[in-house]
C-alpha cells in the first residue's frame, strides 16, 4: 500500500511525493465533490421540463411570424422525439367577423359521455392520470341546482328515468374571471371569444383554477401520459399540442378545428344532436336561430356576472 | 520542533476539517439515499384503462335508404314486389286489443311509433297502392330516399328546427365556405318504426386522482 510506504519514509523530500495529510485532504475533497454531484441527482429530471429555446421564448403576442415559425418547428421536433409521430402544428388566429357561441339542448342530452372522450382524443389530454374538460352532471328532474348533480354516475343504461343530464365545460365567458387573476398574462380572451392559454408562458400558479366558477380548468399535476397511437397529430399552438407537467389547460372550443371552419369534436360525436355551435355574428347560422327562437334557460351561474358564451336551452 | 507553528493553527484547522467532514457525510448520505432510492418510488398510481374506441365513433348508429344507395349497398330488402303482389296490398291483422300483428316475414320491425299504439297502421306512411313509396296525408307520393319530408309532414316544429339546423346532427364544417356541412336525416338517429332514441351504455366516468372514499352523491341520487 502506497500510504504505508510513504509513512515508512518520513525523510522523503516535501516536493517529491505527497504526505499523508494532503493525500487524505484531497481524497476527502474529491469524495465530497462526488457526493455533492450525486446528491444533486434529482435535478437531472429537470431537463424534461424545459428546453433553452423554450426558456428564452418571447411572449406569444410579441412574437414575429418568423419567431413563431421557429417555435412551431421546435414543438414539432419535441413531439416527434417524444411520441415518434410527426405532428402538423399550426398557429391558428381568430377569423374576422366571427364570435363563437355554444348552445346545449338539455331536452336532448342523454348523458352518454361520448363528448367527454371525443374531447380527450381530439385535444391530447393525459389519459392516466385523467384530464377531462367536460363533466356530465346527472341532475334530478325539477331542479337546476348543480349541487344536486352527480358526475360519477355509473349506470348501465342512460338516460335514467327521472333525471336529466347537463354537460359542463369551459363557458368561454365574456367577462372571464380566470383571465383577470392570471399574474403573467398566460391566458387571455381572443377576439373570437375563445379564452386560450399559452402553455409555454403559464407558471402553474393555479389562480385561474380557483377563480373559475365552473371548474373548467385543469392542472397537470404529473407528466401527461398519452399513448402514441392515440395522439392527434393535427395540433395548434394555443390548442391541443401536448402539455407539460405543471401547466393549466382547459376547453378552447377545439380551436385547431373551429378556426379552420370545422365543428368542435364534442359536437361531431354527439349521437343526439344536443350540441350546437356556430358564429353568432352570422344571422343565418343555426346558433343565431337558436338564440332567436329557443327557450334559452340559463347561462350557468349567471349571477356571477361572467356572461358565458355557452347557453343551455330546452326544446319544449 | 518543526511541528510547533502548525500545531498553533490547530483550532482553526480543526474547525474547517470538522465542517468539511460533516458536509461530506451529509452529501454522501444524500447521495446514497438518492442513488439507493431509500425513500422508494412514489406510490404507483392506478393506471386508467383507455376508453373503448367505439365511444369515439362519429358515424350515426343507423343508415338511411339514401345512405345505402350512396354506398351502393344491397337493396334487395327494399324490393317489396319480390314477395308482395302489386294488385293485392297486404291486409293488416290485429289481435283482440286492436294491436297490430307484425307478420312473421317482418318480425324485425318493432312497432313503437307514438304512445298507446295509436299509430300502428302501416299505411299511415307506407303506400298500399305502391309499396315502394310513401304516402303523405296531403296526397303526395314520396320515394324511400325522401323519408325526412315524410316525417316533416306530421312533425312540423321539429322539421322547421331541423331545416334551420337546430334539431338533429350536422357534421363537418360550421363555415360552409371552407368545407361541406353534412346534415343528417331523421332516420339516421330515429328508427321510423320506433323513433324514441333507445337507452345505451354510457362511456366510463371520471377517475379521481386519488381513489375517492365512497360517492358523496350516491345518497342524493338514490332518492
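The values are calculated or read from the model by the stated rules, or taken from the named source; none is laboratory data. Note that the structure is predicted; figures quoted are calculated from it, not measured. Note that each Cβ is placed from the backbone with ideal geometry, even for glycine, and that neighbours are counted across all protein chains shown.
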Completion exercise
Reported set for the stretch A:71-126 where residues are within 9 Å of chain B (Cβ to nearest Cβ) and out of contact with any helix residue (DSSP H, G or I) (no Cβ under 7 Å at 6 or more places or on another chain) is A:95, A:98, A:105, A:108, A:110, A:111, A:112, A:113, A:116, A:120
Exercise for the section: State the number of residues belonging to the stretch B:166-206 that are without any contact (Cβ under 8 Å) to a residue 24 or more places away in the chain, on the phi < 0 side of the Ramachandran plot and not in a loop (DSSP other than H, G, I, E, B). Expected result: 6
Exercise for the section: With the condition kept exactly as written, say whether any residue in the stretch B:155-178 is crowded, with 16+ Cβ neighbours inside 10 Å, touching a strand residue (DSSP E or B) at 6+ places or on another chain (Cβ under 7 Å) and over 26 Å from residue A:262 (Cβ atoms). Expected result: no
Practice task
Kindly provide the set of residues from the stretch B:13-63 that are loosely packed, with under 12 Cβ neighbours inside 10 Å, within 8 Å of another protein chain (Cβ to nearest Cβ) and either in a helix (DSSP H, G or I) or touching a helix residue (DSSP H, G or I) at 6+ places or on another chain (Cβ under 6 Å) (or both), ordered by number.
Solution key: B:35
Practice task
Could you identify the single residue in B:67, B:52, B:77 that is at pLDDT below 90 and under 30 Å from residue A:114 (Cβ atoms)?
Solution key: B:77
Completion exercise
Of the residues in the stretch A:282-316 that are within 17 Å of residue B:168 (Cβ to Cβ) and assigned to a loop (DSSP other than H, G, I, E, B), the one that is nearest to the chain's Cα centre (by Cα) is A:285
Fill in the blank from the handout: Note on residue A:134: of the conditions (1) more than 23 Å from the chain's Cα centre (by Cα); (2) under 24 Å from residue A:294 (Cα atoms), unmet is (1)
Practice task
For residue A:39, indicate whether it is at the interface with chain B (Cβ under 10 Å from one of its Cβ atoms), at pLDDT below 80 and surrounded by 12 or more Cβ atoms within 10 Å (Cβ to Cβ).
Solution key: yes
Completion exercise
Screening A:144, A:166 for residues that are assigned to a strand (DSSP E or B), more than 9 Å from chain B (Cβ to nearest Cβ) and in contact with a strand residue (DSSP E or B) (Cβ under 7 Å, 6 or more places away or on another chain) leaves only A:166
Exercise for the section: Scan the stretch A:189-215 residue by residue and report those that are in contact with a helix residue (DSSP H, G or I) (Cβ under 7 Å, 6 or more places away or on another chain) and more than 17 Å from residue A:101 (Cα to Cα). Expected result: A:198, A:200, A:201, A:207, A:208, A:211, A:212, A:213
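This table checks each residue for (1) free of Cβ contacts under 8 Å to residues at least 40 places away in the same chain; (2) farther than 23 Å from residue B:200 by Cβ; (3) not in a loop (DSSP other than H, G, I, E, B).
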residue: A:98; (1), (2), (3): no, yes, no
residue: A:102; (1), (2), (3): no, yes, yes
residue: A:120; (1), (2), (3): yes, no, yes
residue: A:124; (1), (2), (3): no, yes, no
residue: A:131; (1), (2), (3): no, yes, no
residue: A:139; (1), (2), (3): yes, no, yes
residue: A:152; (1), (2), (3): yes, no, no
residue: A:156; (1), (2), (3): yes, no, no
Problem - Residue that is within 14 Å of another protein chain (Cβ to nearest Cβ), over 24 Å from residue A:67 (Cα atoms) and surrounded by fewer than 20 Cβ atoms within 10 Å (Cβ to Cβ), where the choices are A:180, A:262, A:174, A:223 - result: A:223
Exercise for the section: Hey, could you check the stretch B:207-222 for residues that are part of a loop (DSSP other than H, G, I, E, B) and within 8 Å of chain A (Cβ to nearest Cβ) and say which is modelled with the highest pLDDT? Expected result: B:207
Handout entry: Identity of the residue in the stretch A:268-285, closer than 16 Å to residue A:98 by Cβ and more than 8 Å from chain B (Cβ to nearest Cβ), that ends up surrounded by the most Cβ atoms within 10 Å (Cβ to Cβ)
Key = A:280
